[in-house]
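**Q** Here's a structure for you.
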Amino acid sequence: MEKIIKTKTFYQSVVTSSATIINGLLGVTFYILVARILGPVEFGMVTVALTTLTLIADMATIGADTGIVRFVGKYYQKDKIKALRFLKLGFKLKAIVAAIVFSVGWFTAPLAASLIFGKPELTMPLRYAVAGAAGMLVFSFTTSALQAMQKFWTWGLINILANSLRLGAIVFLATVGLLSLDLTLASYIACIFLGFFTSLLFLPNFFKAKGEDAYAKEFLHYNKWVGAFVVVAALSGRLDTFMATKLLSLGEVGIYGVATGLAAVGSQVVAGITTVVAPKLAGFESDVKAIIYLKKLQMLSLGLGFAAVIFGIPIGYFMIKTLYGPQFVGSIFPLSILIISQAIFIISIPAHSSVIYYFGYPKLFVYISIVHLAIIGGLGWVLITNMGYVGAAITVLVGNISNFLIPAVWALRKFKK
């Protein structure tokens, strides 16, 4: 444990995880205010809109974020010109996709609201979602670039700034009595774009890089498997909320949305640690060094996973009972299940990171994601139909167990060879 604490990775993980925890607290406060003021039904619409936003952004990124971390992280210290070419290539790809997402999504939102969800009132929230997804595509480009260059303090402060402004806007609107569904979503999206433009100030001028197209084949070859994995994983990771929207009332979706929002702190911890781990693993050229590094990382993730369960469940119970109010008491039980699920996700960090960033074999996660999608789609439909949002939470737990075991077994066998 002393060796782990003294490592540079631990220090940098503390930086990114601290920023992530602060962002998580800002996010939780944001959701508490919105849920209490708007109520379960309109908060259900917010949940659907923001879930759709992140789904579209994750799917449309087609692996570019992971590619930026891998290639920019690999060359930034050794060949900065080449790294900037990869950076410019990633931005061009993201900007084009963002424009397509907004153009297509805005006009197809009414069809999605009526045909997929059977709830025409979701048309405008879904339009906000596609606008936010376009913003998230370019914002995640800048945060991935900061991650690849290991500018972890800047990475954390930019995210804290965006989330602080978002919360400040909601507090102001609530204070003057103007908070509504539309203004909530508009504020959320505006802060995404503000985060993007602020982040550009801390990046090197990659726009002047020349000859980036020469690396397009290498970049896209790696990204195609990451992209395929991300598309399936993004869909399966949010399918529980979409099926709940289809099968349950918007009020029940709002109750489940509170549980998923609080449990998402676990995912933010994973993001904080992976921010540090990814570029380091991408730069290792020795199995021995990688194994030593991953052992320490596994000890750290195990400790965090157990802490999440021990402290997370009682804290979540307290928050729902005292802060969200009696109308959201139904969120307590699914939240407990989702916290256990997130703990397993945290414990999975070494296995996932070694497969994608050290071995550079994202293709495995395409198959893992297909299995996960089958679990969420098949088991989820049955459990949600019979158990409501509690069934959705159980489905997520089973899916995360699968996502842990398969890559862990593969990575162990690979290292043994």
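**Q** Could you tell me which of the residues F193, F207, F197 is surrounded by fewer than 16 Cβ atoms within 10 Å (Cβ to Cβ), at pLDDT 90 or above and part of a helix (DSSP H, G or I)? Steps first, answer last, please.
**A** On the way: F193 fails: surrounded by fewer than 16 Cβ atoms within 10 Å (Cβ to Cβ); F207 fails: at pLDDT 90 or above.
The unique qualifying residue is F197.
**Q** Here's a follow-up. Taking into account only those residues within segment 89-141 that are under 17 Å from V69 (Cα atoms) and at pLDDT 90 or above, which is most open to solvent (accessible area, probe 1.4 Å)?
**A** M136
**Q** Taking A393 as the residue in question, decide whether it is assigned to a helix (DSSP H, G or I) and farther than 18 Å from F229 by Cβ.
**A** yes
**Q** Let me confirm something: among G305, G312, G360, which residue is farther than 16 Å from Y256 by Cβ, open to solvent by less than 60 Å² (accessible area, probe 1.4 Å) and outside any helix (DSSP H, G or I)? Give the steps one after another, and end with the answer.
**A** Values: G305 fails: outside any helix (DSSP H, G or I); G312 fails: outside any helix (DSSP H, G or I).
The unique qualifying residue is G360.
**Q** Could you check, for segment 165-185, whether at least one of its residues is open to solvent by 50 Å² or more (accessible area, probe 1.4 Å), assigned to a helix (DSSP H, G or I) and within 30 Å of L87 (Cα to Cα)?
**A** Yes, segment 165-185 has at least one match.
**Q** Next up: Quick one: would you say I340 is open to solvent by less than 60 Å² (accessible area, probe 1.4 Å) and in contact with a helix residue (DSSP H, G or I) (Cβ under 7 Å, 6 or more places away or on another chain)? Please lay out each step first, then the result.
**A** On the way: open to solvent by less than 60 Å² (accessible area, probe 1.4 Å): no; in contact with a helix residue (DSSP H, G or I) (Cβ under 7 Å, 6 or more places away or on another chain): yes.
Spelling it out, it is not the case that I340 is open to solvent by less than 60 Å² (accessible area, probe 1.4 Å) and in contact with a helix residue (DSSP H, G or I) (Cβ under 7 Å, 6 or more places away or on another chain).
**Q** Can G227 be described as open to solvent by less than 20 Å² (accessible area, probe 1.4 Å), part of a helix (DSSP H, G or I), closer than 28 Å to F359 by Cβ and not aliphatic (A, V, I, L, M)?
**A** Criteria met by G227.
The values are calculated or read from the model by the stated rules, or taken from the named source; none is laboratory data. Values in this document were obtained by computation on a predicted structure and should not be read as measured data. Cβ: placed from backbone, ideal geometry, glycine included. Neighbour counts: every protein chain shown. Just the protein is used for accessible areas: all its heavy atoms, side chains included, with ligands, DNA and RNA removed. Shrake-Rupley method; radii C 1.70, N 1.55, O 1.52, S 1.80 Å.
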